[in-house]
1. Of all residues in segment 186-210, count the ones that are in contact with a strand residue (DSSP E or B) (Cβ under 9 Å, 6 or more places away or on another chain) and open to solvent by less than 10 Å² (accessible area, probe 1.4 Å).
2. Which is at pLDDT 95 or above, closer than 30 Å to Ala218 by Cβ and in contact with a strand residue (DSSP E or B) (Cβ under 6 Å, 6 or more places away or on another chain), of Ala384, Ala472?
3. Which members of segment 412-428 meet the condition of being part of a helix (DSSP H, G or I) and open to solvent by 50 Å² or more (accessible area, probe 1.4 Å)?
4. Can you find a residue that is modelled with pLDDT under 95, of a type outside the set (Phe, Trp, Tyr) and farther than 26 Å from Ser451 by Cα anywhere in segment 302-314?
5. Does Leu306 satisfy the criteria of being open to solvent by less than 60 Å² (accessible area, probe 1.4 Å), part of a helix (DSSP H, G or I) and touching a Phe, Trp or Tyr at 6+ places or on another chain (Cβ under 8 Å)?
6. Looking at Leu344, Leu327, Leu364, Leu360, which is the one that is under 27 Å from the mean Cα position of the chain (by Cα), of a type in the set (A, V, I, L, M) and surrounded by fewer than 21 Cβ atoms within 10 Å (Cβ to Cβ)?
7. When residues of segment 412-441 are filtered for being within 18 Å of the chain's Cα centre (by Cα) and modelled with pLDDT of 95 or more, how many remain?
8. Tell me the residue from Gly409, Gly337 that is at pLDDT 95 or above, open to solvent by less than 30 Å² (accessible area, probe 1.4 Å) and farther than 16 Å from Gly270 by Cα, please.
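The values are calculated or read from the model by the stated rules, or taken from the named source; none is laboratory data. Since the model is a prediction, treat every value here as computed from it, not as a measurement. Reconstructed Cβ throughout: ideal geometry from the backbone, glycine too, with neighbour counts over all protein chains shown. Quick note on the areas: whole protein, heavy atoms, side chains included, nothing else; ligands and nucleic acids left out. Shrake-Rupley method; radii C 1.70, N 1.55, O 1.52, S 1.80 Å.
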Amino acid sequence: MTVERSFVNGEWVEFKETFASINPSDTRDCVGNFALANAGDVQAAIGAARAAQPKWAAQTTQVRSDILQKVGFELAARKAELAEIVSREGGKTLTDAAAEVTRASQVFHFYAGEALRYGGENIASPRPGVNVQTSREPVGVVGLITPWNFPIAIASWKLAPALAVGNGVVLKPSEETPGIATELFRILERAGLPAGVANLVNGPGQITGAALIDGIDALSFTGSVPTGRKLAQTAVGKMVKVQLELGGKNPLVVLDDADLSAAVDCALNGAFYSAGQRCTASSRLIVTDAIHDQFVEQLRLRMRTLKIGHAMKADTLIGPVISERQLDMLQRYIAIGKNEGAQLVEGGRLLERETPGYYLEPTLFTDTRNDMQINREEVFGPFATVIRVKNYDEALATANDTEFGLSAGICTTSHKYATDFRLNVKSGLAMVNLPTAGLDYHVPLSGAKSSGYGPSEQGKSAVDFYTRTKTAYIGQ
């Protein structure tokens, strides 16, 4: 089988070692073998970005904008083809994969516009005869580490703003989904991005990711809290600017006055779609007494209608989880929930399909307390718990009683409670009568508490991370 190469200094290069990407819907299917970058290879990529960055930063904003536009147009034109790659190696349904490719296209178009719009300001000085001007300058070389659950969307919303404002870039995608990252870099090359400006190095976090922290000026990471904390500690010691988007234990509050059918829809989507493998998934369903039993029964009935199977089949609604390691982790948490006294009321069984893969029934526990391990730790998969509470005040307190703070939602017809929740829930995202998962590309994304660190991602806010502000004082 042909080895897919990494992209360094404008060339597709082979390294001594390789690793395989396996289709989680059919483990007999090897998506490809990929060149594994070691620490020296990563440093070569950083060196290439360092050498190319000044000339890229000196390009006109129109040149940078035009290249990003070309990337966006090719992503859109090849949506179906690229969605098959995402689905095959990431286990996403074709519908979800196509939507993600569309999102990546939108992101590149958005930052093609921002390349022309970002800038500084004139500020009046309190001193006579002095003018003050601020300007934005690229930070230099940026390291990007991206996860497997949104392999092209997250790579795009890091790459596009970094490039738009004139940085050099080295991307380390997840070793689970290197194929779509490789294709994205082919698109960047065809769009005319100068050699060395953006570089791709593949490999596991403990080898390739760990090496990326040396020699860069900024690091943007999306992944687990433990890994993010380690990277942040190292980055601070090296005076590297850092941005982290980490995990969640996201609450969805359902009040007595909620539209029950709509609330069940929100829970079903937020907890189980994309096999629950979203940082913003609804993992804690906090439901008030009067509606609790009806909500659980309707949710169970709806869960039984979910079609689980090969991600590339047209009628599949939920594909497999990403890997055997992820499947084993989910089974451990199911056992933990049972041992803690929670009631497994739906799902939780391994499934066999026509092809060997990592298939798990969506899992629902009731009779849980917020201090249980299954309600304290992130369980990344189709796994949700129900917590019964007396009223809104207890629901809000329970929602906030977590180390995480990424997304939180409420289902209610009360303007009073919706407003109070939006203002007082301790999370970066607040959803009202919507699933906790589901983001727009032109607005900020950031988490509170252990769910995020550093400037926001996405929208105009991304420019804050990928630039430094210079203040100039000008005497007359």
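1. Matching residues across segment 186-210 total 11.
2. Criteria check complete, one pass: Ala472.
3. If the condition is that a residue be part of a helix (DSSP H, G or I) and open to solvent by 50 Å² or more (accessible area, probe 1.4 Å), then His415, Lys416, Tyr417, Asp420, Arg422, Leu423, Asn424 are the ones that fit.
4. Within segment 302-314, one or more residues are modelled with pLDDT under 95, of a type outside the set (Phe, Trp, Tyr) and farther than 26 Å from Ser451 by Cα.
5. no
6. Leu327
7. Result for segment 412-441: 7.
8. Gly337
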